[in-house]
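Following: one structure in structure tokens, then a few remarks.
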Amino acid sequence: MKGIVMSLSTLLERNKAFAATGTRTKAPAIPFIPNQLAYVITCIDPRTEPGEILGVELGDAIVQRVVGGRATPAVLRDVAYISYLLETKAPEGPWFELALIHHTDCGSAFLADAQLRADFAARGYDEAELAAIPVVDPAATVRADVEKIVSAPQVSSKIRVSGHVYDVKTGLLETVVPAAS
Ligand SMILES: [Zn+2]
């Protein structure tokens, strides 16, 4: 516990240093139109930090992180919401590209283990929903999730969607599904 407190205090010190710079003024004028016109969805795994692996700087991208980088109903709702804001508040655009990233060696894969999944579900979660999460073959799951986003009627067809696999060993991103609406 002590270690956790110590780590957070380090981050709070970094926040003071950040606030002392002018970096925050790089934020886009319209918050849902990021500077690099990118919406990045990736795993919560600390190895997949977009600020490092993609060089995303403040205001560059909308970043959404969820276990496995999966297009869950909650993620689809958020994409639909931003899509709706663009349609109603800034219909002239510019529109962003959504890059969905799944990665190798993903911790979500533990949920493919029936026993582990059942034990965790016993804490009050739906086992069928948990069974849809594991990323065992990232190229396959990223394809399936890109299709899910593209085919969602609530998501504007003006949003281009691409799918990528990040290799935690090489640090390289491979595009599996090129951007399409
Ligand atoms: Zn992961």
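The values are calculated or read from the model by the stated rules, or taken from the named source; none is laboratory data. Everything numeric in this text was worked out from a predicted model, so none of it was measured. We place every Cβ from the backbone using ideal geometry, glycine too, and count neighbours over all the protein chains shown. Ligands, DNA and RNA are stripped out before the accessible areas are found, and what is left, the full protein with its side chains, is counted by its heavy atoms. Shrake-Rupley method; radii C 1.70, N 1.55, O 1.52, S 1.80 Å.
Computed over protein heavy atoms with a 1.4 Å probe, the accessible surface of the chain works out to 59 Å² per residue.
Return the loop-located GluC sites (Glu not before Pro) in segment 76-181 (DSSP other than H, G, I, E, B) with at most 15 other Cβ atoms within 10 Å of their own Cβ; answer none if there are none.
Those satisfying the criteria are GLU92.
Set against the 2.2 N^0.38 Å expectation for a compact globular protein, segment 1-75 has a Cα radius of gyration ratio of 1.30. In this calculation the C-beta distance from ASP126 to THR104 is compared with R0 = 25 Å, giving a FRET efficiency of 0.40. Taking every DSSP beta bridge that has both ends in the chain, the antiparallel portion is near 25%.
Across the chain, the relative contact order, built from alpha-carbon pairs under 8 Å that are at least six residues apart, equals 21 percent. Between segment 1-79 and segment 149-181, the alpha-carbon centres lie 18 Å apart. Measure off, as a whole percent, the carbon and sulfur share of the 1.4 Å-probe accessible area of segment 1-143, all protein chains present. Using a 1.4 Å probe with all protein chains present, segment 1-143 comes out at 60 percent carbon and sulfur.
Principal axis extents of the C-alpha atoms in the chain (largest first, rounded to whole Å): 49, 47, 35.
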